[in-house]
Amino acid sequence: TCNFTGTLTEAEVSSLMEMREEEKFAREVYLAMNVLYNYRIFANIAKSENAHTSAVLYLINGFGLTDPPPAGATEFSNPLFTDLYAQLTAKGSESLVEALKVGAFIEEYDIADLQRHIAETENATVAKVYGNLLRGSKFHLKAFTSVLKIMGESYSPTVLTDEEYQQILD
């Protein structure tokens, strides 16, 4: 249940548009990795990212904002996500281990953005939804790193500090 009262700041509107595309980006990378490796974690987390994308769309619609016109599955209006999609799908195509590391990186990236957006938002409804997305991203990061550990591989954070990363894993 969300309360769609109040006026959003420009920063909040901008963050909603960014997160809508960021969640789509994550989903599309995971779907691409699932096609390559048919490894359950990618399909499961892609499903979750789809729910995250829908949650942000729910906020966009609830606050009477205009959702950007849908682009093709692997097309993004933000060139950053276009570049990241190309780089990370190429990196993930090298091996299953690299694909899992790509997943961990995406979740780190998502966590950092969500933490920043939560700190900047004044709207309780937006903060609540972002908090739920953040919790999901932390679970996803733990899932990717757990699979890597089972495979005898390790992951080192590149977006979060070592301390933040360890707190999530603990």
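The table for this structure:
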item: Any hit, region 24-36, residues being in a helix (DSSP H, G or I), more than 21 Å from residue 128 (Cα to Cα) and polar (S, T, N, Q); result: yes
item: Residue tally, condition assigned to a helix (DSSP H, G or I), among the charged types (D, E, K, R) and within 24 Å of residue 52 (Cα to Cα), over region 118-170; result: 6
item: Residue within region 72-81 that is of a type in the set (Val, Ile, Thr) and surrounded by 13 or more Cβ atoms within 10 Å (Cβ to Cβ) present; result: yes
item: Single residue of 86, 73, 26 found to be small (Gly, Ala, Ser) and either in contact with a Phe, Trp or Tyr (Cβ under 6 Å, 6 or more places away or on another chain) or under 29 Å from residue 166 (Cβ atoms) (or both); result: 26
item: Close pairs from region 4-20: first on the phi > 0 side of the Ramachandran plot, partner open to solvent by 50 Å² or more (accessible area, probe 1.4 Å) and in a helix (DSSP H, G or I), Cβ under 9 Å, at least 6 apart; result: 6/124
item: Flag if residue 98 is of a type outside the set (A, V, I, L, M, F, W, C), touching an Asp or Glu at 6+ places or on another chain (Cβ under 9 Å) and either at negative phi or open to solvent by less than 20 Å² (accessible area, probe 1.4 Å) (or both); result: no
item: Unmet criterion (only one of (1) over 17 Å from residue 107 (Cα atoms); (2) open to solvent by 40 Å² or more (accessible area, probe 1.4 Å); (3) assigned to a helix (DSSP H, G or I)) for residue 44; result: (1)
item: Scan of region 29-41 for residues that are crowded, with 21+ Cβ neighbours inside 10 Å and of a type outside the set (A, V, I, L, M, F, W, C), ordered by number; result: 30
item: Residues located in region 147-170, provided they are open to solvent by less than 70 Å² (accessible area, probe 1.4 Å) and farther than 18 Å from residue 92 by Cβ; result: 152, 160, 164, 165, 168, 169
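The values are calculated or read from the model by the stated rules, or taken from the named source; none is laboratory data. Just so it is clear, the structure is predicted and the values come from calculations on it, not from any experiment. Quick reminder, even Gly has a Cβ in these numbers, built from the backbone with ideal geometry, and neighbours come from all protein chains shown. What goes into the accessible areas is simple: the full protein's heavy atoms, side chains included, and nothing from ligands, DNA or RNA. Shrake-Rupley method; radii C 1.70, N 1.55, O 1.52, S 1.80 Å.
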